[in-house]
């Protein structure tokens, strides 16, 4: 029986409007009340997960979330770090050089702020995430030397991100993954959602066989393979559907709730209580 549910956010738990549907919300609240661990596992920073954690009532003293694709695993109610892995500015320099050489656009993501490098032109990254995360337009030279960098991102149209993904294959000792067709994320080599969930499950003392993980994109691959039940959304890319144990309806059709209602045999009456 499942004891934990890991959920990617964009295009998985959230619909195309980046909203949490009433159906998904109510089913997850019900399972949370029953003691099932709900783990938001996203490339997002904590500031942009917090409103959804509160909406889901995932706010107990020992509730955990996974941010930055596994770069930061922390308690929800207080800033207690369970696992943290970040890049230094020096480690990011090869990415900066690659971007400069190819004419891409780059954003550097710290825990509480995004540094948007306008020397190459403003990227579209700020339009992709909620306003809860502040942005500072700057240059690479002015990024704080000792800033812990959880990821750097290349955002733009799919063709440009395709070209960036190809160019980024030359980077060493870094994890490069698409989190959507318009966004490439570059992180420390051992940072991925699987390793983030390992830390969360170890904290909860739950075996991976009792975990279900839901996702749709390339950066969800490791956690879907790791979980006891790997779930692909109906809107997932083909490679994710291929490795998943099951494919459910799309994020716009409440695929998360659909699967969980069936798995746990939840009655509509119970959800409304």
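The values are calculated or read from the model by the stated rules, or taken from the named source; none is laboratory data. Here the structure is a predicted model, which is why all the values come from computation and not from measurement. Neighbour counts run over all protein chains shown; Cβ positions are idealised from the backbone, glycine included.
Some values worked out for this structure:
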item: Options 139, 85; residue that is surrounded by fewer than 18 Cβ atoms within 10 Å (Cβ to Cβ) and touching a helix residue (DSSP H, G or I) at 6+ places or on another chain (Cβ under 9 Å); result: 139
item: Residue ID - surrounded by the most Cβ atoms within 10 Å (Cβ to Cβ), chosen from residues in region 200-214 that are part of a helix (DSSP H, G or I) and in contact (Cβ under 8 Å) with a residue 60 or more places away in the chain; result: 200
item: Test: residue in region 178-192 that is without any contact (Cβ under 8 Å) to a residue 40 or more places away in the chain and in a strand (DSSP E or B); result: yes
item: Criterion (within 25 Å of residue 187 (Cα to Cα) and in contact with a strand residue (DSSP E or B) (Cβ under 7 Å, 6 or more places away or on another chain)) met by exactly one of 248, 231; result: 231
item: Within region 161-177, tally of residues that are surrounded by 23 or more Cβ atoms within 10 Å (Cβ to Cβ) and in a strand (DSSP E or B); result: 1
item: Tally, over region 108-127, of residues that are surrounded by fewer than 18 Cβ atoms within 10 Å (Cβ to Cβ), out of contact with any helix residue (DSSP H, G or I) (no Cβ under 8 Å at 6 or more places or on another chain) and over 16 Å from residue 145 (Cα atoms); result: 6
item: Any hit, region 241-264, residues being surrounded by fewer than 22 Cβ atoms within 10 Å (Cβ to Cβ), in contact with a helix residue (DSSP H, G or I) (Cβ under 8 Å, 6 or more places away or on another chain) and at pLDDT below 95; result: no
item: Test: residue 116 is in a strand (DSSP E or B) and within 26 Å of residue 162 (Cα to Cα); result: yes
